[in-house]
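Reviewing the structure listed below.
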Amino acid sequence: MTPVSPVHFPSQYSCVFFDFDGVIADSVDAKISAFGQLYAAFGDDVRQAVEDYQRAVPGETRFEKIPRFHTELLDVDLSPAEVQQWSDRLSDIVMEEVIKSAIMPAVHDVLAMLVRQKIPAHVVSGTPQDELEIIVQRKGLAPFFQTLRGSPEGKSSIVRSILARDGHAASRCLLIGDAMSDYNCAETCGLDFLGRADPARHPFPAGTMVVEQLGAYFFAEDAPKPPKTLSENANLRRKAS
């Protein structure tokens, strides 16, 4: 059987940025459970509130969430050193669970296709940098990515630095994510955006292209081009309102 050729590659984009949890790895539930375990000693109500927030706002970094949880749920203000200590505890809980998590469907095929087409792929994640590098290496995915970047640096700052470093035009780059933090990064930086989520239930504005599996976009003969985040999406939102 002749394989289906990707529609937009290699001519449409010069590089692709990927979020990690929920896009590359099926690790969203592992992160939710890990945050719950981190706060389990403070009672069921606190644990549930932490898990609910992690479920609703997956793209925010732990360096933002941990001080928020302590302040709003425990009435405790943490110093930067204490935030790091709590982050280290979370890393101890979450690392093996994320490493054990499955790779999302079609991801290996998509990454292999980008390598064949010589289109660089970059991971831009809210996971701490050192932890991200270990996870990607342990999952055998490091050869597919030119860059692995995580927190505490913000996603928009990371994307802009990679664009400047490699000389890519933002209009010829695609960002794939599963949270509004990813969408906002794409819009801020002027990248096209593709949502990886259930098309019937997702957090993105009306008109955003969303696929449940990446293969539905990368390997579909009639796959449309994602709307521009700055102009076309705005027009689609106005039409939908």
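Coordinate-derived values only; no laboratory data. This is a predicted model, so every value here is computed, not measured. Neighbour counts run over all protein chains shown; Cβ positions are idealised from the backbone, glycine included.
For A25, the amide hydrogen comes within under 5 Å of the amide hydrogens of M104, counting only partners 5 or more places away or on other chains and with H modelled in the peptide plane. When you restrict to C-alpha pairs under 8 Å that are six or more residues apart and normalise by the size of the chain, the relative contact order lands at 25 percent. In terms of distances greater than 18 angstrom between alpha carbons, the cross-link table entries K65/K139; K65/K155; K31/K100; K65/K100 yield K65/K139; K65/K100. Debye-formula intensities of the chain, expressed as log10 I(q)/I(0) at q = 0.17 Å⁻¹, are -1.29 (one equal scatterer per alpha-carbon, no solvent). Note on I103/A56: beta-carbon distance plugged into 1/(1 + (r/R0)^6) with R0 of 22 Å gives a FRET efficiency of 0.35. Between the amide H of F193 and those of L175, T229, distances stay under 5 Å, these residues lying 5 or more places away or on another chain, with hydrogens modeled in the peptide plane. Computed over neighbours whose Cβ is under 13 Å from that of I176, the net charge equals -4, Lys and Arg +1, Asp and Glu -1. Remark: the Q48-A206 segment gains 53.9 nm on full extension, using 0.36 nm per residue and subtracting the alpha carbon distance. Each residue of the range 138-147 is assigned a 3J(HN,Hα), and the resulting list reads 5, 8, x, 9, 3, x, 7, 10, 7, 9 Hz, derived from the Karplus form 6.51 cos²θ - 1.76 cosθ + 1.60 (θ = phi - 60°), x at Gly and Pro.
For trypsin sites (Lys or Arg not before Pro), no site in the range 159-216 is both called loop by DSSP and has at most 14 other Cβ atoms within 10 Å. What do you get for the angle between helix 80-100 and the principal long axis of the chain? Use alpha-carbon atoms, 0 to 90 degrees, nearest ten. The two axes meet at around 60 degrees.
Taking Cα atoms only, the orientation of helix 180-189 departs from the longest principal axis of the chain by about 50 degrees. Each 5 Å bin, from zero up to the one with the longest distance, holds this percent of the alpha carbon pairs of the range 28-100: 3, 18, 29, 30, 16, 4, 1. DSSP finds beta bridges in the chain, and of those with both partners inside it, around 10 percent are antiparallel. Taking only Cα atoms, what is the 0 to 90° angle, nearest 10, from helix 107-116's long axis to the longest principal axis of the chain? Once rounded, one gets 50 degrees. In order along the range 19-36, the phi-based Karplus estimate (6.51 cos²θ - 1.76 cosθ + 1.60, θ = phi - 60°) of 3J(HN,Hα) comes to 5, 9, 5, x, 10, 8, 10, 7, 10, 4, 5, 4, 5, 4, 4, 5, 4, x Hz; Gly and Pro are listed as x.
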